[in-house]
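Below is one structure, written out as structure tokens; comments come after it.
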Amino acid sequence: MIAELGEAYSAALTGLLGGLRSRTLDEAVARATATDLAASALVELRAEAERDQEIAEEPAGHAFARLADVLRPLVRHSPVRLELGAPDSTRTVAADVAHTARVLVRILLLKVLEQEGVTRVQVAWQITDDELRATVRDDGPGTLTHGALTTGGIAERLDVLRGRLDIDAVPGWGTTVSATIPLRVSQDPAPDPLTALGERELQVLARLALGHRNRAFAQELHISESTVKFHVAKILTKPGVESRGAAAALFHAVA
């Protein structure tokens, strides 16, 4: 997509410059030609952006309708009644979230239909600002376990999107399975670069950050200068810094 947009920009700019630099066109014609080229480029850019959004996002209602089209044939020749609850939301969701939710529900429904005594299954999506929750509820024996439902790639698919699977099975009453997928991906905090250092190395780094020299380290910590040099080498290697000054700056930034 980026490569195609880059080529489109290049072509548009080349055409604009060609018209403006032409010695065969007077000023008014050159200006009109440049305007036409720019307008065409903007139309193409907007069309490309719309196509990109169609690939990246899906309206929630449309995504659930696609799921319904997949699920109905699974119970067409079955005594099980399928009840569908579309999300009451007009928002769009990321295409990978919608696709994963559809796949998970299909797998879960097949697992549920393997049970004896199931006569009704409810499938619903609930969407909030933060998550999509896909629920599959049956009136079966209520004996499904987490282990039985996390096969077939369910756990792996949820892990990729940081989702979770919740199971509420009540013997004699049925099972409710909920797959929850976050819509907002939280960013993990950056790891502390100093966690790789040992206690003595941190003591040396603290003094290094104050501008002390190796001899002072040795006297204060009651160790030899050669041991200080060893610790300093480790301090430079483990966080991946190149000098004592960089190590000191890292200490001050993290501390």
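Before moving on, here are some points about what is shown:
- Meets criteria (in contact with a helix residue (DSSP H, G or I) (Cβ under 9 Å, 6 or more places away or on another chain), closer than 30 Å to L132 by Cβ and modelled with pLDDT under 80) for G198: no
- Residues that are modelled with pLDDT of 90 or more and touching an Asp or Glu at 6+ places or on another chain (Cβ under 8 Å), drawn from region 157-178: W173, G174, T175, T176, V177, S178
- Qualifying residue in region 137-152 (condition: under 21 Å from S89 (Cβ atoms), of a type in the set (A, V, I, L, M) and outside any strand (DSSP E or B)): no
- Qualifying residue in region 229-236 (condition: touching a helix residue (DSSP H, G or I) at 6+ places or on another chain (Cβ under 8 Å), charged (D, E, K, R) and at pLDDT below 80): yes
- Residue within region 29-48 that is at pLDDT below 70, under 30 Å from P87 (Cα atoms) and surrounded by 12 or more Cβ atoms within 10 Å (Cβ to Cβ) present: yes
- L104 being under 17 Å from P171 (Cα atoms) and surrounded by 14 or more Cβ atoms within 10 Å (Cβ to Cβ): no
- Residue identified as closer than 17 Å to G61 by Cα, crowded, with 16+ Cβ neighbours inside 10 Å and either among the aliphatic types (A, V, I, L, M) or modelled with pLDDT of 95 or more (or both) among V136, V112, V97: V97
- Within the span defined as region 116-126, one or more residues are surrounded by fewer than 19 Cβ atoms within 10 Å (Cβ to Cβ), touching a Gly at 6+ places or on another chain (Cβ under 9 Å) and either more than 25 Å from R66 (Cα to Cα) or not assigned by TED's automatic domain parsing to the domain that holds L82 (or both).
- Annotation: of all residues in region 139-149 being surrounded by 15 or more Cβ atoms within 10 Å (Cβ to Cβ) and in contact with a strand residue (DSSP E or B) (Cβ under 7 Å, 6 or more places away or on another chain), the one that is modelled with the highest pLDDT is D139.
- Counted residues, region 212-234 - those being farther than 16 Å from E199 by Cα and either polar (S, T, N, Q) or more than 46 Å from the chain's Cα centre (by Cα) (or both): 8
- Total residues in region 196-225 satisfying the condition of being surrounded by fewer than 14 Cβ atoms within 10 Å (Cβ to Cβ) and not in a helix (DSSP H, G or I): the figure is 6.
- When region 115-133 is filtered for residues that are over 15 Å from E57 (Cα atoms), within 22 Å of the chain's Cα centre (by Cα) and not acidic (D, E), the ones remaining, listed by number, are W125, Q126, T128, R133.
- Residue within region 92-115 that is without any contact (Cβ under 8 Å) to a residue 40 or more places away in the chain, farther than 24 Å from R81 by Cβ and touching an Asp or Glu at 6+ places or on another chain (Cβ under 7 Å) present: yes
The values are calculated or read from the model by the stated rules, or taken from the named source; none is laboratory data. What you see is a predicted model; the values in this text were computed from it and never measured. In this analysis, Cβ positions are derived from the backbone assuming ideal geometry, glycine residues included, and neighbour counts consider all displayed protein chains.
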